[in-house]
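Participant: First the structure, which I've put down as structure tokens, then a few questions once you've had a look.
The values are calculated or read from the model by the stated rules, or taken from the named source; none is laboratory data. The model shown is predicted, which means the values in this text are computed figures rather than measured ones. Ideal geometry is used to build each Cβ from the backbone, glycine not excepted, and the neighbour counts take in all protein chains shown. With ligands, DNA and RNA removed, areas are computed over all heavy atoms of the protein, side chains included. Shrake-Rupley method; radii C 1.70, N 1.55, O 1.52, S 1.80 Å.
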Amino acid sequence: MIAFGRAALGVSKMDRTLAGIAAVACAALVAIAPIAASASETTGATPNDTARLLAGLPPTPGSDLQRFVRTASFQNHAREFSQAWERLESKQLAKIRTWVAEQMPPAKPTLFYFFSGPDFLYANAFYPNATTYVMSGLEPVGAIPRVSDVNITGLGQLRGSLNTVMNTSFFRTIEMRERFGSGAFTGTLPILYIFLARSGKTVEETTLVSLNDAGVEAPAGSPGARASINGAKIVFSGDDGVRRTLFYFQTDVSNSGASVNQLLAFAKGLGQGDALIKSASYLLHSDNFSKVREFLLTKTQTLLQDDSGIPVRQFSAGDWKLEARGRYTGPINLFAGHYQARLADLHRVQKPGQLPFGVGYRIRAAESSLLLATHKAH
């Protein structure tokens, strides 16, 4: 859903092109400092109450955040966001859940979703039963969100930063840079909180983390923690009461990325998993991302992707079963050079039906396609 910005692309010409195109994944947000504590800051709120308030949902009774429910800022935010969410639920999410139940094989406990940015929304829709989500992007984590008398008025700006993803299934580079790089709530954590709360999850604990040289999780800022890979660990649960963990790491996963080896070492330590790739700017078509590509081809049981993921030519016929879904109409004009004749042939032979939802850069259902790749040996 969300692709890397120019640091991952490593091509300034491409970055200038992306800047003029609306249909491109989320780019790097500016790094931000934690919100300074003040006398008006609400410090006794639980992470779940904060997530609910940011998502336009009332906090639990007795929460320190209850006083904000009466503000015009929250009431307007709750009304407008709820209306937008209902449209998204009926147009996309409910249809995806039905499709997953009918089309997807049993999932592994771990989902690898590189190039994701803060897109827990679609990670959860396509892989609702995962117990560990590993996500990454160039977007900074930011501070653990807190709500205060000062920043409560920023809910409208936060809601505005989500307009595109809720209407197209991906973030826009320039829109995110302009709307989400400054203001009362910044970084990826507020978005992750919103998607968790609106997906019916209870946020139990949030910790800022990093990885050491061996790819082992470490508290952010602790001795041995790499400055080039900041992250967050969110423990949450759903209606089933199962405790799940979401890891989000801010890092460059190109071959030259300062901490790509540590991220992949961390991911390997979790064992075999599934993978999701969506709106990834066709980066995995490039040899500059061969490390991540090789990891996905060797450490995943199933890989669900749109055509911006790993090109069909990279899948060994002896190792993988490839199943076309939807209609392959080729890349949008920006990425026209990444047309895949083999993928088109796969669709012609298998003749899959139309997807009931839009996904990736081709946001219309009639033009959208997915590839379900299943490793035969796993």
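Participant: Any aspartates and glutamates with Cα under 16 Å of the K233 Cα? List them, leaving off those in the same chain fewer than 8 positions away.
Facilitator: Cα-Cα hits under 16 Å: D119, E139, E204, E205, E217.
Participant: A further question on this structure: Check which residues have an amide H placed less than 5 Å from R244's amide H, if you skip close sequence neighbours.
Facilitator: F236, S237
Participant: Could you tell me what percent of the accessible area of segment 258-378 is made up of carbon and sulfur, with a 1.4 Å probe and every protein chain present?
Facilitator: Percent of accessible area from carbon and sulfur atoms in segment 258-378: 47.
Participant: While we're on this one: Ignoring ligands, DNA and RNA, please state the percent of accessible area on segment 101-159 from carbon and sulfur, probe 1.4 Å.
Facilitator: Here it works out to 50 percent.
Participant: Using a basic spin-label model with each label point 7 Å from the Cα along Cα→Cβ, how many nm lie between N255 and L322?
Facilitator: Result: 2.2 nm between the two label points.
Participant: Counting only other residues whose beta carbon sits under 15 Å from that of V312, what net charge do I get with K and R as +1, D and E as -1?
Facilitator: Local net charge: +1.
Participant: Give me the three principal axis extents of segment 233-276 from the C-alpha atoms, as integers in angstrom, largest value leading.
Facilitator: 41, 21, 18
Participant: What are the lysines whose alpha-carbon lies under 27 Å from the alpha-carbon of K351, with same-chain residues fewer than 8 places away excluded?
Facilitator: List returned: K91, K95, K278, K321, K376.
Participant: Continuing with the same structure: List the lysines whose Cα sits under 16 Å from the Cα of K291, skipping any in the same chain fewer than 8 residues away.
Facilitator: Correct list for K291: K268, K299.
Participant: Quick one: Karplus J couplings for segment 312-329, per residue in order, coefficients 6.51, -1.76, 1.60, θ = phi - 60°, nearest Hz, x for Gly and Pro?
Facilitator: Those phi angles translate into 4, 4, 7, 8, 6, 4, x, 9, 10, 9, 10, 10, 7, 9, x, 10, 8, 10 Hz.
Participant: Once you list every other residue whose beta carbon is under 11 Å from the beta carbon of T46, what net charge do they have if Lys and Arg are +1 and Asp and Glu are -1?
Facilitator: -3
Participant: Additional query: Of the listed peptides 276-282, 197-203, what is their order by residue-averaged count of other C-beta atoms within 10 Å, with the highest listed first?
Facilitator: Put in order of decreasing packing, that is 276-282, 197-203.
Participant: Assuming R0 = 30 Å, can you tell me the calculated FRET efficiency for the pair K268 and M104, based on Cβ-Cβ distance, to the nearest 0.05?
Facilitator: Given R0 = 30 Å and the Cβ-Cβ separation, E is 0.80.
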